[in-house]
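Heads up, the thing below is written out as structure tokens.
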Amino acid sequence: MTHVDTPSTVAPVGGPSLPQERRLVTAIPGPKSLELTRRKEQTISGGVGTTIPVYTVAAGGGVLVDVDGNSLIDLGSGIAVTGVGNSAPRVVAAVAAQLAQFTHTCFSVAPYDGYIEVAEALNRLTPGDHAKRSALFNSGAEAVENAVKFARHYTGRQAVLAFDHAYHGRTTLTMGLTAKNLPYKNGFGPFAAEIYRAPLSYPFRDGGLDGVEAAKRVISQVEKQIGANNLAAMIIEPIQGEGGFIVPAAGFLPTLVDWCRANGVVFIADEVQTGFARTGDMFASDHEGIVPDLMVLAKGIAGGLPLSAVTGRAEIMDAPQVGGIGGTYGGNPLACAAALATIDSYESDNLVERAREIGAILTERLSALQAEDARIGEVRGRGAMMAVELVDPATGEPDAALTGRVAAAAHAAGVILLTCGTYGNVIRFLPPLSMPDHLLVEGLQVVADALAAA
């Protein structure tokens, strides 16, 4: 790591040209970031929080540079958004070219070809060779809401099943689908009706229950408490995100898909966090060998620009009346240009394989750490979506306090690190796929040092 005594006075250049190094020239946060935090507190809703109070002026590759000249290793990717990097050259060029043409017409008023091209790409990339349709939106939560709309309209049913530890968004409907109370739901009710919850397959805490038996437990609950004929949709993240990067046991998801097919229930895979090469497959559903009826996509879709989508079976997607689906900004032309360039990067730069390489490094280093530290209860995840669950080694109970100390120490040392989990005791690793190996290894060593010192 390189240290200098005073902040640089030269404005940093973004993108891959940024030096790929961790560099601390002030404490974290530095004086300029502290001043911006003061201004934030005077001008922005107190309900809007930040993970690390440093203010970004440039980012690219695997680093983020703040206003004080510090260069931090980014193990968060803006919560799995910047898989291709924060300023990928293809994305920057595509957005600049579109910006010179027009910024907005509203696709529902005067359409444009970028929206169609994104839909064509999504229909091609997502699992299954059936006829598909897509619709574009702005955020993951908005796409989830519309997936539920598609399912309800198509089936004529109302009930929706979500799972323990789920996270599907912060709108009224998606808060109902989301499991965790704080900070997402507390004080914001009442929530939407006809939402039900079932136990997830959580191998670390399931007492050895295999995936098929865990799925049968869900099916029994649905049949007894809801009734299959009342259930419009079942929605699940193939790997839980905010809930703790929980990977269901083998057989869990395929058994649920088979039951949905047999009972006319729309199976919705929420791949907002798992999609677009993040797990070492283009989508986490690919690894499971499942073909969802609908897929919800966002985050990594457009290199950091706001875009989301629902892609699925043509007969479901075509069910609503004309004009029943849409929105002013959905499929904005700048975001569509970014998405096409981002998808090109995933395919042309072989980023699926890169995610597997990152996953191999993460698994090796974190497993070695687990072997030496009983406070790491489990290492789990796939590809560039890995996590460790921290526990009391004597009882196995979640240790949220330890997790918070480790994250705070990593932040102070110049590593952006995210936590998650229903119990607040999971550290998640979401490096951009553009991160070079040396930065990933250094970032992991900082986390290991923080855990040792905590």
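Worth pointing out:
- Think of the chain as having a plus end and a minus end, set by charges on the Cβ of Lys, Arg, Asp and Glu; of LEU430, GLY208, VAL322, VAL322 sits farthest toward the positive end of this dipole.
- Check: the chain dipole with +1 on Lys, Arg Cβ and -1 on Asp, Glu Cβ, in debye: 980
- Per-residue ³J(HN,Hα) for the stretch 303-316, Karplus 6.51 cos²θ - 1.76 cosθ + 1.60, θ = phi - 60°, Hz, x for Gly and Pro: x, x, 7, x, 7, 8, 7, 10, 10, x, 4, 4, 5, 7
- For LYS32, the aspartates and glutamates whose Cα comes closer than 19 Å to its Cα, not counting residues fewer than 8 places off in the same chain, are ASP5, GLU41, ASP66, ASP68.
- Of ASP373, ASP270, the sequence from fewest to most neighbouring Cβ atoms within 10 angstrom is ASP373, ASP270.
- log₁₀ of I(q)/I(0) at q = 0.08, 0.09, 0.12 Å⁻¹ - the chain, Debye sum with one point per alpha carbon: -0.46, -0.58, -1.06
- Taking every alpha-carbon pair under 8 Å whose residues sit at least 6 apart, the chain reaches a relative contact order of 21 percent.
- Screening the chain for whole DSSP H helices of 20 Å or more along their axis (Cα) with average Kyte-Doolittle hydropathy at least 0.0 returns 333-348, 351-372, 437-453.
- The lysines within cross-link reach of LYS216, meaning a Cα-to-Cα straight distance under 28 Å and a gap of 8 or more places when in the same chain, are LYS149, LYS180, LYS224.
- Count Lys and Arg as plus one, Asp and Glu as minus one, and take only other residues whose Cβ is under 13 Å from that of GLY211; the net charge is then -3.
- Ranked list, fewest to most other Cβ atoms within 10 Å of each Cβ, for SER345, SER220: SER220, SER345
- Between the C-alpha center of the stretch 152-175 and that of the stretch 316-379 there is a gap of 22 Å.
- Taking VAL218, VAL148 and counting other C-beta atoms within 10 Å, the order from fewest to most: VAL218, VAL148
No value in this document is a laboratory result; all are computed from the given coordinates. On a predicted model such as this, the values are computed, not experimentally measured, just so you know. FYI the Cβ positions are ideal-geometry reconstructions off the backbone, even for glycines, and counts take in every protein chain you see.
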